[in-house]
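Here's the structure, in structure tokens; my notes come after.
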Amino acid sequence: MKLRSIAYAAVVAIAATAFTLASATTSEAKGKKKKEAAKPQQGICMMAAGGPVCATKGGMKFTYRNSCYAANDGAKIASAKACPAPKAKKAKKGGKKAAKKAKGKKKM
């Protein structure tokens, strides 16, 4: 009876080891990440390669000197012009009133 239990335990241990070793190989996702990271640079950008461009990278817009610089940085070109400057936010109306009240209290 003990011999049969030992044989059964040995078979289970071998199967578990084989399953563990088979699942320990590299996955396809790791190979894809390495291929994407290994993209070579396009090279040196010349000054006369067009005007400024607006390109997006990581959800943000950046203005690049030309499309070559944008491509080398991995950005996707959005337009052939420079990106518009962000608009300034207006101050709240309550800010001036609060400042006047604070000045009035200091005079007393």
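The values are calculated or read from the model by the stated rules, or taken from the named source; none is laboratory data. All figures in this text were calculated on a predicted structure; none of them were measured in a lab. Here the Cβ is made from the backbone with ideal geometry for all residues, glycine too, and neighbour counts use every protein chain on show.
Numbers at a glance
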{"item": "Subset of segment 69-86 (residues that are of a type in the set (D, E, K, R) and under 10 Å from Val53 (Cβ atoms))", "result": "Lys81"}
{"item": "Cys45 vs. criteria part of a loop (DSSP other than H, G, I, E, B) and modelled with pLDDT of 65 or more", "result": "yes"}
{"item": "Thr25, sole failed condition from (1) under 32 Å from the mean Cα position of the chain (by Cα); (2) assigned to a helix (DSSP H, G or I); (3) at pLDDT below 85", "result": "(2)"}
{"item": "Qualifying residue in segment 54-73 (condition: under 26 Å from Cys83 (Cβ atoms) and at pLDDT below 75)", "result": "no"}
{"item": "Filter result for Ala85 (at pLDDT below 90 and out of contact with any Pro (no Cβ under 9 Å at 6 or more places or on another chain))", "result": "yes"}
